[in-house]
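The values are calculated or read from the model by the stated rules, or taken from the named source; none is laboratory data. Every value quoted in this text rests on a predicted model; they were computed, and no experiment measured them. Here Cβ is always computed from backbone atoms with ideal geometry, including for glycine, and neighbour counts include all displayed protein chains.
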């Protein structure tokens, strides 16, 4: 379980993450939603030790991220941020192989190689594995990055807006893959999402942030409701139930 | 792999040619004839072999320094001479020459390396304030920083009547290489080996700070290691043979186009191609105006600026 308590982060005078205390349940998909500037990405970066906090603490299965060695954490938790601007020309295979770095430190054994092949085929990248990243489309590259994170084989997988750059088909494929990873590999996936319908359809749990604070949290059934969405997004959103899932219509 | 063996073979062939090109007549025939106290053999051992070794070491290590620099700055167009590194090393060398002229060359080299490291760190710091981190803006900032440091160096060299000496360092030249005056360059080989050992770490760092942290590596430590390799190599080459511009830029870029950027694969390629390129340029410099020589920095500078322009324009076309 990931537990944050009293997490605060300031940029100058403004608190971008303001006293966030949450418990992210182990197993399943947890989505973090909220308007732009709510502090979702910043919180994800703090939880994954990419960014320091000004006060508060984060523990992952009891390990405090501020003082646990980084390579120990790298075998527990992986993080993929958005816009991964990359200048290096690496092949898909080589990129995915670096996911094994926390274990192999560069010397791949048979087990590592099995993980690499598995991650590549998990994301349907077999045909592309010898291509350079700069020769791929945005969506293919995104899948390669996710394959690297899968190859890292951590209990917790944190993804910041993983559906960016993906068309509907691949966005849906990505979410189904996350569900599959939770079910088959026992992963805990935490996502920052902008599309509340994806969050509603695929998540087990949703956390809503606004102005650096957590304003609501709960299951999709509890959260995807007009009054809750009004509080989060300041707009009137109709919610319909289709096939047991709650779907929001926010077009005006 | 077959290509790589071919590259090594070509380099060795060039090295052999380098042994036999020059004003003094050194050939297999003169080597084994028993004329004038084995003069040819002496030339070979005192001048030609050290020169060829110096070229191999300087060429490979400078190319590696360029590669490491491009990886840690994450920009294709930086190398020690477009990041203020060479100029800082030169300033350091001047300072130590002024204040401690009696120190052994190795101590001077250490001072020059320390200055190179400080100058490059300053460059990296300035880069944090460059908005957008435009691909072409980064080397421009480096060249400007180098210009400022170079101007300071020139000013003090002028005041202390050391301008000719400064000119000699800044003009890379292998003609002065003799036995006993190039051995520091073996430190360059150490830099190359270090780059190979830490190749995976550098490649990961080249993916960016977030990727590096995610994989459990200490980003700052990898950057510092890279700075160390770049600074030591730049300083060693500067005090031994002078600066050779553009070399660290062209070779890694060509290799990147050929085999990509996974350093485990590129380090051997860059080292071999760097050595071969400098060998070829040096041989050309010795032949063009025979029996006179054109300094290596001129030959590499002319060829290098051409290739640099080509790479810049190519980049622009790709971006458009």
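In table form, for the structure just shown:
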item: Within the range A:98-190, helices (runs of 4 or more DSSP H) holding 1 or more residues that are surrounded by 19 or more Cβ atoms within 10 Å (Cβ to Cβ), within 14 Å of the chain's Cα centre (by Cα) and away from chain B (no Cβ under 14 Å); result: A:138-151, A:168-185
item: Any chance residue B:93 is at pLDDT 90 or above, within 23 Å of residue B:172 (Cβ to Cβ), within 20 Å of the chain's Cα centre (by Cα) and surrounded by 15 or more Cβ atoms within 10 Å (Cβ to Cβ); result: yes
item: So residue B:162, is it more than 14 Å from chain A (Cβ to nearest Cβ) and under 22 Å from the mean Cα position of the chain (by Cα); result: no
item: Number of the exception - residue A:214 against (1) over 15 Å from the mean Cα position of the chain (by Cα); (2) assigned to a helix (DSSP H, G or I); (3) touching a residue at least 24 places away in the same chain (Cβ under 8 Å); result: (2)
item: Filtered residues of the range B:69-90 (kept if at pLDDT 90 or above and more than 14 Å from chain A (Cβ to nearest Cβ)); result: B:79, B:80, B:83, B:84, B:85, B:86, B:87, B:88, B:89, B:90
item: The range A:59-93: number of residues that are in contact with a strand residue (DSSP E or B) (Cβ under 9 Å, 6 or more places away or on another chain) and at the interface with another protein chain (Cβ under 7 Å from one of its Cβ atoms); result: 7
item: In the range B:202-213, residue farthest from the other protein chains (Cβ to nearest Cβ) [restricted to those that are assigned to a helix (DSSP H, G or I) and surrounded by fewer than 23 Cβ atoms within 10 Å (Cβ to Cβ)]; result: B:209
item: Of all residues making up the range A:209-234, the number that are out of contact with any strand residue (DSSP E or B) (no Cβ under 9 Å at 6 or more places or on another chain) and over 22 Å from residue A:16 (Cα atoms); result: 1
item: From B:197, B:193, residue being under 27 Å from residue B:273 (Cβ atoms), within 12 Å of chain A (Cβ to nearest Cβ), surrounded by fewer than 18 Cβ atoms within 10 Å (Cβ to Cβ) and modelled with pLDDT of 90 or more; result: B:197
item: Members of the range A:46-58 that are under 16 Å from residue B:213 (Cα atoms), touching a strand residue (DSSP E or B) at 6+ places or on another chain (Cβ under 7 Å) and surrounded by fewer than 13 Cβ atoms within 10 Å (Cβ to Cβ); result: none
